[in-house]
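Derivation of every value follows stated rules applied to the coordinates shown; laboratory data play no part. Here the structure is a predicted model, which is why all the values come from computation and not from measurement. So basically every Cβ, Gly included, is an ideal-geometry build from the backbone, and we count neighbours across all protein chains shown.
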Protein chains: 4
Amino acid sequence: MTERLPVILERVIEVPKTTNPVLVCGLPGSGYVGKLAADHLVESFNLRKVAEYDSPTFPPQVNVKEDGTADPPRGELYYAAPRKGRGLFVFTADAQPTTSEGEYELSEAVVKFAKKCGVRRVYTLAAYITGTFSKSPRVFGAGTSKEMVSSLKEGGATMMKDGGISGMNGLLIGVAALRGLEGACLLGETSGYVVDAAASKAVLELLSKVVDLPIDTSKLEAKAEETQKVITQLQAMAEQAGETAPRPARESRPGYIG
Amino acid sequence: MTERLPVILERVIEVPKTTNPVLVCGLPGSGYVGKLAADHLVESFNLRKVAEYDSPTFPPQVNVKEDGTADPPRGELYYAAPRKGRGLFVFTADAQPTTSEGEYELSEAVVKFAKKCGVRRVYTLAAYITGTFSKSPRVFGAGTSKEMVSSLKEGGATMMKDGGISGMNGLLIGVAALRGLEGACLLGETSGYVVDAAASKAVLELLSKVVDLPIDTSKLEAKAEETQKVITQLQAMAEQAGETAPRPARESRPGYIG
Amino acid sequence: MTERLPVILERVIEVPKTTNPVLVCGLPGSGYVGKLAADHLVESFNLRKVAEYDSPTFPPQVNVKEDGTADPPRGELYYAAPRKGRGLFVFTADAQPTTSEGEYELSEAVVKFAKKCGVRRVYTLAAYITGTFSKSPRVFGAGTSKEMVSSLKEGGATMMKDGGISGMNGLLIGVAALRGLEGACLLGETSGYVVDAAASKAVLELLSKVVDLPIDTSKLEAKAEETQKVITQLQAMAEQAGETAPRPARESRPGYIG
Amino acid sequence: MTERLPVILERVIEVPKTTNPVLVCGLPGSGYVGKLAADHLVESFNLRKVAEYDSPTFPPQVNVKEDGTADPPRGELYYAAPRKGRGLFVFTADAQPTTSEGEYELSEAVVKFAKKCGVRRVYTLAAYITGTFSKSPRVFGAGTSKEMVSSLKEGGATMMKDGGISGMNGLLIGVAALRGLEGACLLGETSGYVVDAAASKAVLELLSKVVDLPIDTSKLEAKAEETQKVITQLQAMAEQAGETAPRPARESRPGYIG
């Protein structure tokens, strides 16, 4: 007989001493908006890994990289203090868990660790799908408290008024609230058809104001320009074919109509 | 390593002293019939929250309200004695659990708490889908004992004779019976296409007789009139287009044919 | 916090003293072949209930009967000695569990109880779907040992040579074998379109020989005649419409082609 | 009440003394490429069974063989030293688990056992689906370390550069890496439409070089020729009908486009 695996296996590398830290989370979702933004933060602020999360609820597979090496999906928590007086945790993962329980357990584990390290506010980065291409994507927002809602509004976010935010990028702020922290979700407007660096850039620019931390997004701008070329091609092809665009899957959704 | 979360996390706010209490449950389902009715009871009798239920089997998401604030799905149990000699528990939730096990566990937790507080009879409010619009919706019924069946008939319910009642609004009376209580389900006739306050009103009027408790349903009447306008528009549009209505998803279903 | 429910909750009513007992199982599946046959055995031999099985992996619902009463799905084990020197356990349920784990756990619980009571051989009754109507349905068979295969052949069964038997009616003999017992499955040929009492009757006639127990199937014959009328109507309608029959879901299936 | 079954039940028959052992795994997947190859190794090297794995996450069914006997799905680990100085474990199963957790738990159990017996390198055999028939199938590869990638390249594998490998044949090397071992996956090019012994043969020929072990694949060659006849027929039929081939399900998949 073998023992049942825990749903989440947390490997702590370091419990960092922090100064006024926030937690920012971006996992793969529509348009990879949150994932691209989180990866950009890790790279540009040279954050160090402080914890890893394995789970039997991740998709049972390995992902292959350009050099032929393969890894199972994993969650990773990073930390550094990019400027004096502002610590920054970033959580990202290669995939979202495949079950509701997996998503709750992973959210709980990350929020618990962050809370222990002094985090009071949790931000998630996600996509707001419109199905159409926008050259200057808006940023939508939702918060778990009136203070968070005000803070997002001041930063320039268009507040959501109904609907839901599905998956880890939504759930993480819900679990944060259940554990006594505050949470907010920033959603970049995107078509849902392509990996959208422009939406990631827009989301990070608003985050920059809200957490008072300068973020250099020039690398994302370069990626966004490449995407823009793809979009232009797609639009040209669609016009030629006289096709209407298919409806993309959505990370955010409007409320029940009635 | 992190510990596995319990399927249901119950937070008791108060174990109320009760007088002859019943438990009424209405969760989101077809047409929101049960949910609207349960919310109406909580509001109109000014019930106070006595317990909260979180669960990793709820859908992994947050729901956004009009003021931009976001919450994860949660179950809530309310109590008060609306009149002398009649205590009233109401259980509702933002969503139904996503797994069979989650539905059973949540039903068990709520029934156990209610039983401990002296509840002997459990009523659930649900939808009976017909696929057509009715101006004076009937109320169908089923009970876990002959006494409950008689009581519903006296109140004016049309008894179901076969089929099943799916989800928490069905299961809760089954679990009640397994734990030695009596249960009955009241199902309001509805098309299944719109949020149907008229069906909720019909269900509450019958409940009012069965549990001997006056219920003011005038607010639901106002909502029902708004819905009626939407229905009239839908019918006009359908006539113009010559369309036949699609078959809605059903909370109740007929028996196996053979 | 509430404790996690066990996957199977077994309530033992009686541990019967047995003489040379066999276990026969029939759960709802294609054409209700196994379920009808198991119910017939319980009724005609006036078996008494010796154990009940609840499970959060059963479908979360209640089923309504003709008198308006509603019950959650449940498994039931019955016993009696229909003739001197031959004990008979019959296991049936209102539904099959909704998860693989639920099916394994329920199979384990029933097999364990039966083994403790002296059972050495487990028979399951199921459907063999052909998609066409047959007036004299054949009975197919498969066994977990060469002895069981020989015994079925002697009884007149056509042995399966490949494919699989899905669900509890297949799994139960697999689990029996894993626990040191012998198992055999008898599958009645059926179209898969209707509840098929003729297939149930054919299966019981073969079982009668194999376990050396006279079984009066006249009541099933009456049901089968009613079904035959329905079939005749269906065929007439299909001929008029020039339709080809849809492919039914299958409890048994052929092997991988290659 | 009955106890919850463990996800994996491991029955150790023998803990073999090994010399420089490797573990090779092939489970049922697209085209049965990995399963055929693993079965071939067990047979041709006359390996002995050292452990069995049952699990309630395997599909709930029994599989019937030519002689009419039926078995539930099971995992099996074999061992022998085909030549001096090279021990060989082979793991295969009748089916893949039905849940992510089941796949992780089974992978963990097998990798743990193999590691305890001295295994440092784990190889999985899988299919690389192209949707078209190839007379001389290529072998693709991916590894969990640069050393493994180099080793596969030297053996003649075309390295994958993106995408994922789904299911146990992918996950097993990921879990191996998580537990401190090295892993590599060899994927035989196949159409995905038929059981493909030619792809299995190609995979084993490359494995032979990489683990320095002569493997006689003549029996697979005979099977491959039979398959080739089936393919020729399929192609003739498709040409007649003017049909384009349907898209097969894929064990390997390309990366996210963007």
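Side notes on the structure shown:
- Highest to lowest packing among D:188-196, B:134-142, scored as the average C-beta count within 10 Å: D:188-196, B:134-142
- Listed peptides B:172-185, A:202-215, A:92-105 appear in the order B:172-185, A:92-105, A:202-215 once ranked by packing, highest mean of other Cβ atoms within 10 Å at the front.
- Classification of the range A:1-77 by its C-alpha gyration tensor yields an oblate form. The axis ratio a/c (a ≥ b ≥ c) is 1.5 or more, and b/c is at least a/b.
- Computed from Cα atoms alone, the Kirkwood hydrodynamic radius reported for the range C:120-164 is 11.8 Å.
- The range C:68-127 has equivalent-ellipsoid semi-axes of 23, 16, 10 Å, by the square roots of 5 times the alpha carbon gyration tensor eigenvalues, sorted largest first.
- Isotropically averaged projected area of the range A:139-215, using the convex hull of Cα atoms (one quarter of hull area), nm²: 5.5
- B:ARG120 versus D:ASN46: modelled label distance in nm, points set 7 Å from Cα along the beta carbon direction: 7.8
- Taken over the Cα atoms of the range D:67-224, the convex hull encloses 147 Å³ per residue.
- Averaged over peptide C:47-60, the number of partner chain Cβ atoms lying within 10 Å of each residue's Cβ comes to 4.
- Calculated [θ] (222 nm, deg cm²/dmol) that DSSP helices of n ≥ 4 give over chain C, each run adding -39,500 (n - 2.57): -11000 deg cm²/dmol
- Peptide C:162-174 - average C-beta neighbours from other chains (10 Å radius): 5
- Across the range D:107-146, the residues whose backbone nitrogen lies under 20 Å from the label position 7 Å along the beta-carbon direction of D:LYS161 are D:128-131, D:138-146.
- Expected-Rg normalisation [2.2 N^0.38 Å, Cα atoms] applied to the protein assembly as shown: 1.01
- Reported value for the range C:1-136: 160 Å³ per residue, from the convex hull of its C-alpha atoms.
- Per residue of peptide D:99-109, the mean number of Cβ atoms on other chains within 10 Å of the residue Cβ is 6.
- Choice from C:ALA224, C:ALA38, C:ALA126 with maximal GNM fluctuation in chain C (Cα, 10 Å cutoff): C:ALA224
- Residue pairs, from the table D:LYS17/D:LYS49; A:LYS161/B:LYS223; B:LYS153/C:LYS35; D:LYS17/D:LYS146; B:LYS146/C:LYS49; A:LYS35/A:LYS209, whose Cα atoms sit over 25 Å apart: B:LYS153/C:LYS35; D:LYS17/D:LYS146
- Rounded to 5, percent antiparallel among DSSP beta bridges of the range C:1-115: 80
- Inter-centroid distance (Cα atoms) of the range B:162-226 relative to the range A:203-235, Å: 51
- Within the straight-line cut-off of under 14 Å between alpha carbons, the aspartates and glutamates reachable from B:LYS84 are B:ASP212, sequence neighbours fewer than 8 places apart in one chain being disregarded.
- Simple Cβ-charge dipole of chain B, Lys/Arg +1 and Asp/Glu -1, about Cα centre, in debye nearest 20: 900
- With Cα atoms, 0 to 90° folded angle of helix C:197-210 axis to chain C main axis: 50
- FRET efficiency for A:GLU221 and A:ARG138, using Cβ-Cβ distance with R0 set to 22 Å, rounded to 0.05: 0.80
- Degrees, to the nearest 10: A:168-178 long Cα axis against longest axis of chain A: 40
- Of C:PHE91, C:GLY31, C:PRO72, farthest towards positive along the dipole that unit charges on Lys, Arg, Asp, Glu beta carbons give chain C: C:PHE91
- Rounded to whole numbers, the Karplus 3J(HN,Hα) couplings from phi for the range D:70-84 are 10, 10, x, x, 8, x, 9, 10, 10, 8, 5, 10, x, 9, 4 Hz, using 6.51 cos²θ - 1.76 cosθ + 1.60 with θ = phi - 60°, and x at Gly and Pro.
- Protection proxy ranking, highest mean first, for peptides D:155-162, D:43-50, B:69-76: B:69-76, D:155-162, D:43-50, where packing is the per-residue count of other beta-carbon atoms within 10 Å, averaged.
- For A:ASN20 and A:GLU147, the FRET efficiency from 1/(1 + (r/R0)^6), where r spans their Cβ atoms and R0 equals 22 Å, is about 0.85.
- Rounded to the nearest whole Hz, the Karplus-based 3J(HN,Hα) values (6.51 cos²θ - 1.76 cosθ + 1.60, θ = phi - 60°) of the range A:112-122 follow the sequence 4, 4, 5, 4, 4, 8, x, 5, 10, 10, 10, with x at glycine and proline.
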